[in-house]
Amino acid sequence: MTIKKIIKILNCQVIVGEDKLDTEVMVGCGCDLMSDVLAFIKPEAMLLTGLSNLQTIRTAEMSELKVVCLVRDKQPNNDIVALAREKEIILLATSLPMFEACGKLYKSGLMGHTEYYK
Amino acid sequence: MVEKRDITKVQELVYEMNVEQVMIKDIITVGPNNLMSDLRDLLRNKRISGVPVLENDKLIGMVSIEDFIKCLAEGKMNSAIRDRMSCDVEVLYNDEPLVQAVEKLDRLGYGRFPVLDRKNRKLVGIITKGDVIRGLLKKIEVDCHEEEIHRYRASHVFEDIVADKTTLTFQYEVVGKDFNKAGSASSGLKKTLRRMGISPKLIRRVAIATYEAEMNIVVYAEGGEITARITPREIRIEVADDGQGITDVRKAMEPGYSTAPDWVRELGFGAGMGLPNIKNCADVMNMESTVGKGTQLEFTIYLDERGKNDSQNNN
Amino acid sequence: MILKTITEELGLEVKNAGVDLASDVTGAYVSDLLSDVIANSREGELWITLQVHPNIIAVATLKDLSGIILVNGRQPEEKTLMKSVEEQIPLMSTGLPAFQLAGRLYRLVEEC
């Protein structure tokens, strides 16, 4: 699924990465605990999280993620935006809560972890 | 070749770079008493579209190809430049950020601006849209090229060393309780390993394990140090902190076991998965802790065939 | 939709067997941050989380949530299980990750 499509489904604001909206993600992952993200997420996944701090971007950097979407109207501060830009990580924000965001993406065909890596 | 991702880079560069870095310094000028007909060869041979007019080293006007054509149409090529130039000259200063130049070029629709030195108001250059674009492209190229050089040099570092055994050591200081700086050591190590040409899969394992260890220092200690020792065969990471120490090391290794305070849990860490994560990423891991003194953690990731059998971890 | 239907449809394992599953589920809230759940979840919602700490039961009680589903194969700590029995908060677990479980539950809630 392209970032473009995701933006449409979740009515996202693009905070970093306006020029990379053709990027594809294969799997969705909704999680607020970074160790769990580090333990099982793969580079082709998009992270949806309600956690908006610098470690969210650091975690994405270490796991080689291309996209992070902040849910429930979390506006990142300037430091977070700058780090995402430096690490070339696409940063989106939606006002939807996590449940609705996951639900809508899943309904539109984005797979979960155990489905994609069967 | 300019790629899409370079566009944001350009946006940053127009703020970072200044007018002086892209302007043409080798300027052609005319005097006010020269005749308009003198411009003919200048405009044609030098392929320039406008010339600053100087009197006693002071910029007093600009004369453009449009002025020249008008004069030609009126048949007044013998008039002095002083009478045909535009005196109301918009200028830029050498230390202004490029974004000012872009904005001014765009807003006023002029093809070029003379550039003055901020201090002595003397003409030091001239800038056109083309100069801005050329300057930006060159900078992007240089930046890309520099990273390439870093990568080339770092990836060949072992080849140039004559020794029976070689170990590269990198050290990173970690400040406790500083949640904003946390992760910068791991980030630096990751960047270095990438430059060394180590496979992305292995880098990812090193980065994740080191990051978890770094977070542990930040959360549980006042400070610590991460040392990476790299040989052609393996990467060994040693993590030492001055924290409280761990009472029950075996229990600390159990997934989900945590003594993290609430503030840490609310920041998305401290759910008891850190050490199991490190163990999963590493080929070998060892931890020793003395209560009241601190903790030493050590793990190794193999770079040669010993590391290929890494099916136990799914990173 | 009542909780019993959801546990059957999604194949959830009920950890505190015998707990009342007749309560009506009004929606769901997915979060691993306790303060977030305290601040933003609503009465009757099912809470989907990775957290297994005993505090989750206190939060669910405080916010009158209809139950807790632990994802990614997480198992409750012993103390958590004990408290869930005490407070009669339905506590379930699944091997699915949060994204997938939320996706399936969203579809289920939408259908009815």
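The values are calculated or read from the model by the stated rules, or taken from the named source; none is laboratory data. Given the structure is predicted, the values throughout are model-derived calculations rather than measurements. Backbone-built Cβ (ideal geometry, glycine too); neighbour counts: all protein chains shown. What goes into the accessible areas is simple: the full protein's heavy atoms, side chains included, and nothing from ligands, DNA or RNA. Shrake-Rupley method; radii C 1.70, N 1.55, O 1.52, S 1.80 Å.
Okay, here's what the table says:
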quantity	calculated
Hey, C:A58 away from every other protein chain (no Cβ under 11 Å), surrounded by fewer than 17 Cβ atoms within 10 Å (Cβ to Cβ) and within 20 Å of B:V264 (Cα to Cα) or not	yes
Number of positions in region B:113-127 that are touching a residue at least 60 places away in the same chain (Cβ under 8 Å) and in contact with a helix residue (DSSP H, G or I) (Cβ under 8 Å, 6 or more places away or on another chain)	4
Pairs, first away from chain A (no Cβ under 14 Å) in region C:76-102, second open to solvent by 70 Å² or more (accessible area, probe 1.4 Å), C-beta under 8 Å, six or more apart	C:Q88/C:D20; C:P90/C:D20; C:M92/C:E13; C:S93/C:E13; C:S93/C:Q75
Residues located in region B:201-231, provided they are within 11 Å of another protein chain (Cβ to nearest Cβ), open to solvent by less than 10 Å² (accessible area, probe 1.4 Å) and closer than 27 Å to B:T166 by Cα	B:I203, B:R205, B:V206, B:A207, B:I208, B:A209, B:T210, B:Y211, B:E214
Condition broken by C:L12, with the remaining ones in (1) at pLDDT below 95; (2) open to solvent by less than 30 Å² (accessible area, probe 1.4 Å) satisfied	(1)
Among (1) part of a loop (DSSP other than H, G, I, E, B); (2) closer than 23 Å to B:G272 by Cα - the single one C:R42 does not satisfy	(2)
Verdict on C:L62 being more than 12 Å from the chain's Cα centre (by Cα) and free of Cβ contacts under 8 Å to residues at least 40 places away in the same chain	yes
Matching helices (runs of 4 or more DSSP H) fully within region B:176-271 where at least 3 residues are in contact with a strand residue (DSSP E or B) (Cβ under 7 Å, 6 or more places away or on another chain)	B:184-195, B:200-220
Hey, A:M34 within 9 Å of chain B (Cβ to nearest Cβ), touching a residue at least 12 places away in the same chain (Cβ under 8 Å) and open to solvent by less than 10 Å² (accessible area, probe 1.4 Å) or not	yes
Every pair of residues 6+ apart whose Cβ atoms lie under 7 Å, when the first sits in region B:157-177 and is within 19 Å of B:T227 (Cα to Cα) and in the same structural domain as B:R229 (by TED's automatic domain parsing) while the second is modelled with pLDDT under 95 and among the basic types (K, R)	B:V175/B:K181
Test for A:K4: is it facing chain C (nearest Cβ under 10 Å) and more than 11 Å from the chain's Cα centre (by Cα)	no
